[in-house]
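Read through the structure below, which is laid out as structure tokens, and then see the notes.
The values are calculated or read from the model by the stated rules, or taken from the named source; none is laboratory data. As the structure is a prediction and not an experimental result, all values here were calculated from the model. Counting neighbours? That spans all protein chains shown, and the Cβs are built from the backbone with ideal geometry, glycine included. The protein model used for the area step is the full one, side chains on, heavy atoms only, and it has no ligands, DNA or RNA in it. Shrake-Rupley method; radii C 1.70, N 1.55, O 1.52, S 1.80 Å.
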Amino acid sequence: MARHCGAMATRIQARLSTVCSSRWLQDWHLSLGLSGARLTHAGAAERLQREYDAVVIGAGFKFSRASYLLSLLRPQIYAELELQRHGLRVLPRDPYSFTPLLEDRSPPRSLLLGHNMAQNQQQIAQFSQKDAQAYPEYEAFMGGMVSALDPLLDSPPLDTAALGKGSLLQKLRNLRALWPLLQAAGNQQPALVQQCSSHTTSPPPGLTLGQQLPRYYEVLTAPISKILDQWFESEPLKATLATDAVIGAMTSPYTPGSGYVLLHHVMGELEGRRGAWGYVAGGMGALSQAIAHAATARGAHIFAEKAVCHVLLGRDGRAQGVALQDGTEVRSKLVLSNASPQITFLELIPQKQLPKDFVQRIRQVDTRSPVTKINVAVDQLPSFLAAPNARDGQPLPHHQCSIHLNCENTHLLHQAFTEATHGHPSNRPMIELCIPSALDPGLAPQGCHVVSLFTQYTPSVLADGQSWDEQARNAYADRVFNCIEDYAPGFKASVIGRDILTPPDLERIFGLPGGNIFHGGMSLDQLYFARPAPSYSGYRSPIPGLYLCGSGAHPGGGVMGAAGRNAAQVALKDFRSL
């Protein structure tokens, strides 16, 4: 079988970059705000956009070329669109995190985490008995904070200017916008964690966020390294947890505010389990297909590969539809854009139609990206020194995890970040290695596998005027593969094809500004009231009838759908008043 897979290598390189359509246009839709598509859509009240499908490479290899895991998609969207009925199937992972170490012992140790708290404590006890005992309380504390912030995800940010406008009745109605903030301030926490069970209970009556506000404020504003140091002493555990605080962000564990990025990545759930992540059966494109089926069942018209040239504006400055690159004009009362704020307002709208201070704000959004994504076809499973493969070559529990490499300690992550800030790709990059075919064997031919490498830190702009040419791209990929080889000897020999996406590639292919997977950094100065700009955080824009509904809007990036759902509700409200 290895020879069979190897024979495909010559065909794979030629077909590796083939990507399915990511640009949709429709006249009635509900948007999920999936990041990255370089397209603005015309719609009546609601909107749907697919980001991109799985890439098919070689003979039978299927890759989710950019996004590759699902958890953050809001549960309301599952229910409202009946995505399971329309074919969506998610494969939850348990265990979900595996951190092998490089150390002078045989075999090296590793840290395996899943949904069974007792087993987690046994794993952590290898490094620190104290940390093993503290871990349930840490999980409960973070779970309480996530529960408290959860209501803020499903509604527009508070419009403080509107609170004082209109008649007394209107002012009272505007006060309803305070409800999500009041919910957050009064949510119950912490969620208890059953130490000897794989399940957690619902948050019981107890302390409120208000009583815990100083501790929660510290999590949001301090470096995540400071927070983790307060809870734990073992470096492998702290570095593993810190990856969620820096993933996709040009930040270090020592950067103030990195705690919120961690919270953002643990806010999701799968099948009712908070913080769980899984693979979409068939690749992430299957999620797009399920959304498309749900939309067309409700009367949506979807047109693939219809790139938008600009937004049509009336004499009154109101959005009236979109013009396509082929000259077609699509007229509508509302336009919703899932493209980035930079594309929406700096490319699709004449600058003279926008306030100068607004344009300046959009230009100043921090879009630095540390991410290079590498998709790999291999003819055998990676065999880690810390957890060698079984003789039959079948996947073991750790193969379904997010496998964290170069994560022995948080200082390694900070060092990798520091190198990138000087324009140099990290010598020991942080690597999140996933093997979706371990749970979804249909993604690869029998005996072969697909490997997703989410790596950082790589700067968008290299030092000394160097460009991300083929030589630079391959040199970095070789460096990543050498690191993996240290943990899993034989990995390089198993590779039969690879697809390298540096920050400029992510911008060019998916419309991600600077290659930033969130359409802009998730720092505190670019969230809630200030996303994408102050006074325009409620999805409406300076152009009447034009709405921003992608990752550049509140609450931010990821395959979440909250921005799209919230924007659709705002647009629907406005549509009814036309």
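Need one word for segment 359-502: rounded, prolate or oblate. Basis is the Cα gyration tensor (sqrt eigenvalues a ≥ b ≥ c); a/c below 1.5 gives rounded, then a/b vs b/c decides. Judged from the Cα gyration tensor, segment 359-502 comes out prolate (a/c at least 1.5, a/b above b/c). Taking label points 7 Å from Cα along the Cα-to-Cβ direction, Gln129 and Arg363 give a separation of 6.2 nm.
Have a look at Leu405, Pro425, Leu334 and report the one farthest towards the positive end of the charge dipole of segment 328-436, computed about the Cα centre with Cβ charges (Lys/Arg +1, Asp/Glu -1). My answer, from the dipole projection, is Leu334. Loop-located trypsin sites (Lys or Arg not before Pro) in segment 85-130 (DSSP state other than H, G, I, E, B) with a sparse environment of at most 13 neighbouring Cβ atoms within 10 Å: Arg85, Arg105. The local environment of Pro256, defined by Cβ-Cβ distances under 13 Å, has a net charge of -1 under the rule Lys, Arg +1 and Asp, Glu -1. Distances between placed amide hydrogens fall under 5 Å for Gly538 paired with no residue 5 or more residues away or on another chain.
Each residue of segment 461-466 is assigned a 3J(HN,Hα), and the resulting list reads 10, 7, 5, 6, x, 6 Hz, derived from the Karplus form 6.51 cos²θ - 1.76 cosθ + 1.60 (θ = phi - 60°), x at Gly and Pro.
With a cut-off of 12 Å between beta carbons, the residues surrounding Leu102 carry a summed charge of -2, where Lys and Arg count +1 and Asp and Glu -1.
In order along segment 366-371, the Karplus-derived 3J(HN,Hα) couplings, from 6.51 cos²θ - 1.76 cosθ + 1.60 at θ = phi - 60°, round to 6, 10, 4, 10, x, 9 Hz, and Gly and Pro are given as x. With the cut-off at 1.5 for a/c, could you classify segment 250-385 from its C-alpha gyration tensor as rounded, prolate or oblate? Oblate is the answer for segment 250-385, as a/c is 1.5 or above yet b/c matches or exceeds a/b.
About its Cα centre, the dipole of segment 259-357 is roughly 300 debye, where the only charges are +1 on Lys and Arg Cβ and -1 on Asp and Glu Cβ.
Taking 0.36 nm per residue of separation and subtracting the Cα-Cα distance, full extension of the segment from Lys573 to Ala297 would add 97.1 nm. Heavy-atom accessible area with a 1.4 Å probe sorts Glu271, Glu507, largest first, into Glu271, Glu507. Placing dummy labels 7 Å off each Cα toward the beta-carbon, the span from Tyr217 to Ala307 is 4.9 nm.
What's the local net charge at Ala132, with K and R +1, D and E -1, over the other residues with C-beta under 13 Å away? Around Ala132, the charge tally is -3.
Sorting Leu524, Leu396, Leu324 by solvent-accessible area of protein heavy atoms yields Leu524, Leu396, Leu324, largest first, with a 1.4 Å probe.
In segment 217-298, with Lys and Arg counted as +1 and Asp and Glu as -1 at Cβ, which of these residues, Thr255, Ala292, Leu228, has the Cα nearest the positive end of the dipole, that is, farthest along it? The Cα lying farthest towards the positive end belongs to Ala292. For the pair Ser535 and Lys356 in one chain, pulling the backbone fully straight at 0.36 nm per residue adds 63.1 nm over the alpha carbon distance.
Each residue of segment 545-554 was assigned a 3J(HN,Hα) from its phi angle through the Karplus expression (A = 6.51, B = -1.76, C = 1.60, θ = phi - 60°), giving x, 10, 10, 9, 9, x, 5, x, 9, 4 Hz with x at Gly and Pro. Residue ranking by accessible heavy-atom surface, 1.4 Å probe, largest first, among Lys492, Lys306, Lys356 comes out as Lys356, Lys492, Lys306.
Compute the separation of the alpha-carbon centres of segment 288-308 and segment 334-401 and state it in Å as a whole number. Cα centroid of segment 288-308 versus Cα centroid of segment 334-401: 22 Å apart. Amide H to amide H, with H built 1.01 Å from N, Leu334 comes under 5 Å of Gly43, counting only residues 5 or more places away or on other chains. Take the Cβ atoms of Leu396 and Asp478, set R0 to 35 Å, and the FRET efficiency comes out at 0.80. Using 0.36 nm per residue and subtracting the Cα-Cα separation, the extra length available between Leu91 and Ala118 on full extension is 7.4 nm. Once backbone amide H atoms are built at 1.01 Å from N, His310 has Ala323 as its partners under 5 Å, excluding neighbours fewer than 5 places away on the same chain.
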